[in-house]
Amino acid sequence: MSQITFTRPDGKECSGYYVEPKAGKNAPGLVVIQEWWGLNDQIKGVAQRYADQGYRALVPDLYRGEKTLEAKEAEHLMNGLNFADAASQDIRGAVQYLKKTSAKAGVTGYCMGGALTLLTACFVPESDANTVWYGYPPLDYVDASKIKAPLLGHFGTDDKIFPIAGVDQLEEKLKAAGVNYTFHRYKAEHAFANEEAINKPIPVEYNKAAAETAWTRTIEFFNSNLR
């Protein structure tokens, strides 16, 4: 595991946290996108879990070194992020970096990262499969006609930050465009797969059963589409 630097499509540089599996640099790749907290130890642990499953995992540092434990500061950092630039430049550059040696690479993201994964599905044609965890951008930003790679989504029916009604509307757009997608709904709140989402002052809650089911489905999805 190490910090690396890769080049964005526009020629600028972006750093990221990289974990390589035992199979090495030719293993399939995964870009893992942070929650609104930043590139913290929790998302590094998620990257390690994917590496343990045989994937090269790269977490681009979208906040350029900034991270926080406070919800208000996380909201401030997220609101200061240019989502279109993050998806089309930072994340696309990360996918391109992985595909220099990996035959296939995908993207997965959580919370804010889930919203960015949906934008990635539209803006990053190099990604071979995408998994969204409980997040979506304003639906006007989603051009479903551009989504060509398989898409998997995990959402909590009790999510108060990204309400499930928005997921229903998103599905309508995906169906109309003929997107190859599968969405799963869980009786859970927001951030149900984040083991640190306990006793937070915001409406998030870890749900072990939902998290484990979603994880199994995600690994099966990526194994099917990236290997």
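So which residues in region 174-199 are part of a helix (DSSP H, G or I) and surrounded by 13 or more Cβ atoms within 10 Å (Cβ to Cβ)?
From region 174-199, those part of a helix (DSSP H, G or I) are 174-177; that's our starting set.
Once the filter is applied, which keeps residues that are part of a helix (DSSP H, G or I) and surrounded by 13 or more Cβ atoms within 10 Å (Cβ to Cβ), region 174-199 yields L174, A177.
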In the set K160, K148, the lone residue that is within 22 Å of F221 (Cα to Cα), surrounded by fewer than 16 Cβ atoms within 10 Å (Cβ to Cβ) and among the charged types (D, E, K, R) is K148
Checked region 37-69 for anything in contact with a Cys (Cβ under 8 Å, 6 or more places away or on another chain) and surrounded by fewer than 24 Cβ atoms within 10 Å (Cβ to Cβ); matches are D61
Scanning region 1-12 residue by residue, the ones that are farther than 23 Å from Q48 by Cα and within 20 Å of the chain's Cα centre (by Cα) total 2
Only one of (1) surrounded by 16 or more Cβ atoms within 10 Å (Cβ to Cβ); (2) farther than 19 Å from K12 by Cβ does not apply to K72, and that is (1)
Inside region 195-222, the number of residues satisfying the requirement of being closer than 28 Å to S102 by Cα and in contact (Cβ under 8 Å) with a residue 12 or more places away in the chain is 9
Original post:
Would region 98-108 turn up any residue that is closer than 27 Å to A71 by Cα, among the hydrophobic types (A, V, I, L, M, F, W, C), touching a residue at least 40 places away in the same chain (Cβ under 8 Å) and out of contact with any Cys (no Cβ under 8 Å at 6 or more places or on another chain)?
Top reply: yes
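Looking at the structure I just gave you, is G54 within 16 Å of the chain's Cα centre (by Cα), under 15 Å from A129 (Cβ atoms), not hydroxyl-bearing (S, T, Y) and not in a helix (DSSP H, G or I)? First the steps, then the outcome.
On the way: within 16 Å of the chain's Cα centre (by Cα): no; under 15 Å from A129 (Cβ atoms): yes; not hydroxyl-bearing (S, T, Y): yes; not in a helix (DSSP H, G or I): yes.
Against the criterion (within 16 Å of the chain's Cα centre (by Cα), under 15 Å from A129 (Cβ atoms), not hydroxyl-bearing (S, T, Y) and not in a helix (DSSP H, G or I)), G54 does not qualify.
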| In region 179-188, is there at least one residue being under 24 Å from A51 (Cβ atoms) and within 15 Å of the chain's Cα centre (by Cα)? | no
Within region 21-31, does at least one residue satisfy the condition of being within 16 Å of the chain's Cα centre (by Cα), under 20 Å from A211 (Cα atoms) and in a helix (DSSP H, G or I)? no
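To keep it simple, each residue is scored yes or no on (1) in contact with a strand residue (DSSP E or B) (Cβ under 7 Å, 6 or more places away or on another chain); (2) assigned to a loop (DSSP other than H, G, I, E, B).
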residue: D85; (1), (2): no, no
residue: G93; (1), (2): yes, no
residue: K100; (1), (2): no, yes
residue: G114; (1), (2): yes, no
residue: D128; (1), (2): yes, yes
residue: Y136; (1), (2): no, yes
residue: F155; (1), (2): yes, no
residue: G166; (1), (2): no, no
residue: E172; (1), (2): no, no
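Every read-out reported here was derived from the displayed coordinates using simple, explicitly stated rules and does not represent laboratory data. On a predicted model such as this, the values are computed, not experimentally measured, just so you know. Here the Cβ is made from the backbone with ideal geometry for all residues, glycine too, and neighbour counts use every protein chain on show.
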